[in-house]
Amino acid sequence: MYKCMRKRRSRQNTNTKSFDLKMGGKNTKTFKIQDDSKNTHKKIPLHTVEGIPIPTSFFTPEKLQSAISYKATPEDVFIVTYPKCGTTWMQYIVWEIINEGAPLPSFDDMNVKYVPFLELTGREIAETMKPPKLFKVHLPYHLTPHHPEAKYIFVARNPFDCCVSFYNHTKKIKNCYHFEDGTFDDFFECFIRGEVHYGDFFDHLLSWWPHRQDPNVLFTTYEEMKSNPENAVTNVAKFLGNDYWEKLKDDKDLVDKILENTDFNNMKEKLQYNIGQDGDNDQKVEFFRKGQVGEWKENFSDEQYRRLKKHMMQKTEGTDIPKLWKDL
Ligand SMILES: Nc1ncnc2c1ncn2[C@@H]1O[C@H](COP(=O)(O)OS(=O)(=O)O)[C@@H](OP(=O)(O)O)[C@H]1O
């Protein structure tokens, strides 16, 4: 069904090569072999710290190690995702619930002050925060600071749209990823091999999957949030605790305000994302790009679709993960 819904990009499989081998006499046999010489796709410069591939600039081993060593407390709320799966949207939803529909803080303030990105700021930031302390992390379960009473909100997104979003992010943030010349095909090869920031999509998801029903974990998907944003807001408020739910449950105006503030178009219009300082060359990146479900159909070739689907089925065998995205 997916075929009729998307622009098709047909290309040869770049990873296999046919060749004839003379067997003696007139006999020849055609072999298909893995052709590594074609694996010449552009790569993202990464190094591995604590088992996590991180870029060689901008993100440092010290900050990552500091984040991992943070001692979580019962008042903490962690927003956890693999990159490009809806972190920022959830950061703002949580912040808006706690701050009763206040005007949106800037993107920078959100990520370094209000819901700091722990692997960028390091754990010291926590000392300046008041409870409830909210954090953004992209860490797998075993590296996320743990406390049995802390709360964890996990957002998953279908790997196909995640791949497209991650490609645009990696390509545009030049002084971090050095991938500005990379094509989607290059990025796809990196993504399917887990040679991207934070490694393999499915390893990350599989690390959290067994904990999705823990009492202190709220597991949701980007697609669920898109199909019913009001449910997303009320579920998060309930999960955050009675204080928040009591304020929200009979206040339709407050719910509407939060929905209006965190609407994709509103966030796109109001928030600017500037990354780092590169001399005078401060990079402005279109962070709020499309915010859609299913955009992957315009980017994947049939071959890429088949390969990522196969990878997904292999990695998630024995789990219900594929049922999260039935139309893939
Ligand atoms: N309010 C709202 N509604 C719907 N979608 C939204 C919203 N805010 C951000 N987005 C989209 O989420 C994608 C970015 O994901 P993350 O925030 O996880 O990125 S990051 O890992 O923190 O860099 C990225 O998706 P793509 O547009 O597909 O690239 C954003 O546009």
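The values are calculated or read from the model by the stated rules, or taken from the named source; none is laboratory data. Being a predicted model, the structure only gives us computed values, none of them experimental. All Cβ positions, glycine included, derive from the backbone under ideal geometry; neighbour counts span all protein chains shown.
Observations on the model:
- Residue in the stretch 218-233 that is in a loop (DSSP other than H, G, I, E, B) and more than 15 Å from the ligand (Cβ to nearest atom) present: no
- The listed residues are 96, 75, 62, 50, and the only one of them that is more than 13 Å from the ligand (Cβ to nearest atom) and within 23 Å of residue 220 (Cα to Cα) turns out to be 75.
This table checks each residue for (1) within 14 Å of the ligand (Cβ to nearest atom); (2) surrounded by 17 or more Cβ atoms within 10 Å (Cβ to Cβ); (3) under 30 Å from residue 58 (Cα atoms).
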site	(1), (2), (3)
240	no, yes, no
245	no, no, no
248	no, yes, no
260	yes, no, no
268	yes, no, yes
290	yes, no, yes
298	yes, no, no
307	no, yes, no
317	no, no, no
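- Count of residues meeting criterion [over 18 Å from residue 155 (Cβ atoms) and either assigned to a helix (DSSP H, G or I) or touching a Ser or Thr at 6+ places or on another chain (Cβ under 9 Å) (or both)] in the stretch 282-311: 13
- The number of residues in the stretch 145-170 being of a type in the set (Asp, Glu), closer than 25 Å to residue 288 by Cβ and not in a helix (DSSP H, G or I) comes to 0.
- The lone criterion from (1) within 14 Å of the ligand (Cβ to nearest atom); (2) at pLDDT 95 or above left unmet by residue 108 is number (2).
- Test: residue in the stretch 208-224 that is aromatic (Phe, Trp, Tyr) and more than 20 Å from residue 96 (Cα to Cα): yes
- Scanning the stretch 172-184 for residues that are surrounded by fewer than 19 Cβ atoms within 10 Å (Cβ to Cβ) and either under 27 Å from residue 314 (Cβ atoms) or within 13 Å of the ligand (Cβ to nearest atom) (or both) gives 183, 184.
- Of all residues in the stretch 127-161 being surrounded by fewer than 20 Cβ atoms within 10 Å (Cβ to Cβ), without any contact (Cβ under 8 Å) to a residue 60 or more places away in the chain and not polar (S, T, N, Q), the one that is nearest to the ligand (Cβ to nearest atom): 129
- Breaking point among (1) within 16 Å of the ligand (Cβ to nearest atom); (2) within 29 Å of residue 149 (Cβ to Cβ), for residue 215: (1)
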